[in-house]
Amino acid sequence: MPNALTIRGLTKTYANGVRALRGIDLDVPPGMFGLLGPNGAGKSTLMRTVATLQDPDAGTVTLGEIDVLRDKDATRRVLGYLPQDFGVYPHLDPLSLLDHFAVLKGIVDRGERKAMVEALLQRVNLWNVRKKRLGGFSGGMKQRFGIAQALLGAPRLVIVDEPTAGLDPEERTRFLNLLAEIGEQVVVVLSTHIVDDVADLCAQMAIIAGGQVLHRSEPREAIEAMRGKTWRKVIDKQDLEQHRERHTVISTRLVAGRTVIHVFDEHDPGHGFAAVDPDLEDVYFTTLRRAA
Ligand SMILES: Nc1ncnc2c1ncn2[C@@H]1O[C@H](COP(=O)(O)OP(=O)(O)O)[C@@H](O)[C@H]1O
Ligand SMILES: [Mg+2]
């Protein structure tokens with residue numbers, strides 16, 4: 001495949017001894033790819049490594065014909081990256097800051113740059129506020145500016161690291177819609193700890209935890225594989241421990257003051273359990289539980 005991202009044997013141990021990546025192998029085709037994992041899983045370490053900002057201890061990364069870790073300049077020319085801790089200059093406006101980023105990206109032709117910056121500001125719906133200070137923007141507006149700078153220069157690889165954390169539902173939907181509109185030939189890696197981000201948007205996904213890939217699938221297939229094995233029961237809170245001892249409890253949640261549990265079982269567990277339509281949360285929590 002001409003524009004696939006291929007990751008092999010990536011390892012990273014930080015100076016403090018934390019093994020953040022323990023041999024990551026991953027094939028990421030063009031389209032939206034969800035990298036799902038809890039805090040501390042190693043998502044940002046992996047994202048920064050692929051974005052050439054940090055070297056691993058071992059392993060290789062290629063994007064099509066580009067050796068990402070060796071040929072950092074070539075990678076950066078085709079890369080758009082929205083880091084987890086994206087900060088904006090509060091006293092600048094989107095128009096001048098995006099123009100500045102475009103210069104850094106090597107878009108030197110003034111006319112070309114102006115056209116690109118203006119088109120992007122329209123696309124992310126910041127055109128009306130293009131001359132307002134970024135410091136006064138909401139989280140969602142800042143993230144939309146972040147995706148605009150990541151899309152400068154028509155990248156082949158777009159990496160967005162936990163972009164929806166802290167956004168309200170409306171802002172989140174708006175942001176995800178922007179991601180969904182990125183071209184089909186572009187590899188888009190969305191790292192997140194929010195299952196719905198992946199469920200709503202990604203054709204392909206991986207679950208990582210403890211620096212390892214635990215699961216790699218198409219979300220729809222993974223959900224289907226849980227069908228007939230996912231069971232639900234409403235219980236009293238004080239009975240939770242007892243249920244944990246007897247069943248593979250994959251999730252618990254409070255619904256109107258009652259505790260609703262989901263368990264994984266190849267067969268009907270009886271005892272008041274009912275089959276449920278599995279969803280990606282069931283896949284995610286089952287995967288994490290098995291690895292624990
Ligand atoms: N610069 C660093 N120095 C030392 N440890 C780090 C550093 N960055 C991350 N870690 C540790 O590496 C592990 C993976 O972190 P990270 O890649 O940020 O995961 P995630 O993005 O999935 O939350 C965590 O245990 C974290 O504390
Ligand atoms: Mg992170």
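Straight-distance candidates among the lysines for linking to residue 132, with alpha-carbon spacing under 19 Å and chain neighbours fewer than 8 residues away dropped: 114, 142.
Every Cα-Cα pair in region 87-158 was counted, and those over 18 Å apart are 30% of them. Our compactness index for region 163-292, the C-alpha radius of gyration over the empirical 2.2 N^0.38 Å, is 1.19.
Ordering 238, 263, 100 by the projection of their Cα atoms onto the charge dipole of the chain, which places +1 on the Cβ of Lys and Arg and -1 on the Cβ of Asp and Glu, puts 100 at the extreme positive end. The fewest-to-most ranking of 223, 7 by surrounding Cβ atoms within 10 Å reads 223, 7.
Take 238-244, 257-263, 120-126 and order them by the average number of nearby Cβ atoms within 10 Å per residue, most first; the result is 120-126, 257-263, 238-244.
A simple rule links phi to the HN-Hα coupling: the Karplus curve 6.51 cos²θ - 1.76 cosθ + 1.60 with θ = phi - 60°, which for region 206-213 gives 9, 10, 10, 7, x, x, 10, 7 Hz, with x for Gly and Pro. Ratio of Rg to Rh for the chain: 1.03 [Cα atoms; Kirkwood radius as inverse mean 1/r over pairs]. Multiplying the residue separation of residue 123 and residue 19 by 0.36 nm and subtracting their alpha-carbon distance yields 33.5 nm. Restricting the calculation to Cα atoms, region 205-259 yields a radius of gyration followed by a Dmax of 14.6, 37 Å.
What trypsin sites (Lys or Arg not before Pro) in region 1-70 are in a loop by DSSP, with at most 16 other Cβ atoms within 10 Å of the Cβ? Taking region 1-70 and a limit of 16 other Cβ atoms within 10 Å, the loop trypsin sites (Lys or Arg not before Pro) found are 70. A simple charge model with +1 on the Cβ of Lys and Arg, -1 on the Cβ of Asp and Glu and nothing else charged puts the dipole of the chain at about 820 debye relative to its Cα centre. Using a/c under 1.5 as the rounded threshold, could you call region 228-276 rounded, prolate or oblate? The axes a ≥ b ≥ c are square roots of the C-alpha gyration tensor eigenvalues, and prolate needs a/b larger than b/c, oblate otherwise. Prolate.
Dipole check for region 47-92: with +1 at the C-beta of Lys and Arg, -1 at the C-beta of Asp and Glu, and the Cα centre as origin, the magnitude is about 140 Debye. Taking the average, over residues, of other Cβ atoms within 10 Å as the packing measure, peptides 97-104, 161-168 rank 161-168, 97-104 from highest down.
Residue-wise HN-Hα couplings along region 130-138, as the Karplus relation 6.51 cos²θ - 1.76 cosθ + 1.60 with θ = phi - 60° gives them from phi, are 5, 10, 8, 5, 4, x, x, 7, 6 Hz; Gly and Pro carry x.
For the chain, the relative contact order is 21 percent, taking Cα pairs closer than 8 Å that sit 6 or more residues apart in sequence and dividing their mean separation by the residue count. Computed from backbone phi with θ = phi - 60° and the Karplus coefficients 6.51, -1.76 and 1.60, the 3J(HN,Hα) list for region 234-251 is 9, 10, 7, 4, 6, 8, 4, 4, 4, 5, 4, 5, 9, 10, 8, 6, 9, 7 Hz; x is used for glycine and proline. Taking amide H atoms as placed 1.01 Å from N in the peptide plane, the amide H of residue 126 has no partner under 5 Å among residues 5 or more positions away or on other chains.
By the Kirkwood approach, averaging reciprocal distances over each pair of separate Cα atoms, region 123-210 gets a hydrodynamic radius of 13.9 Å.
Applying a DSSP loop filter and a limit of 13 other Cβ atoms within 10 Å to the GluC sites (Glu not before Pro) in region 54-157 leaves 65. When peptides 267-279, 202-214, 183-195, 224-236 are sorted by average Cβ neighbour count within 10 Å, with the highest value leading, the order is 202-214, 183-195, 224-236, 267-279. Straight-line cross-link reach from residue 229 at under 13 Å between alpha-carbon atoms covers these aspartates and glutamates, not counting any fewer than eight positions away in the same chain: 265, 266, 268, 277, 279, 282.
Laboratory data are not the source of any read-out in this text; all were calculated from the coordinates shown. These numbers were taken from a predicted model, which means no experiment stands behind them. All Cβ positions, even for glycine, are placed from backbone atoms using ideal geometry, and neighbour counts span all protein chains on display.
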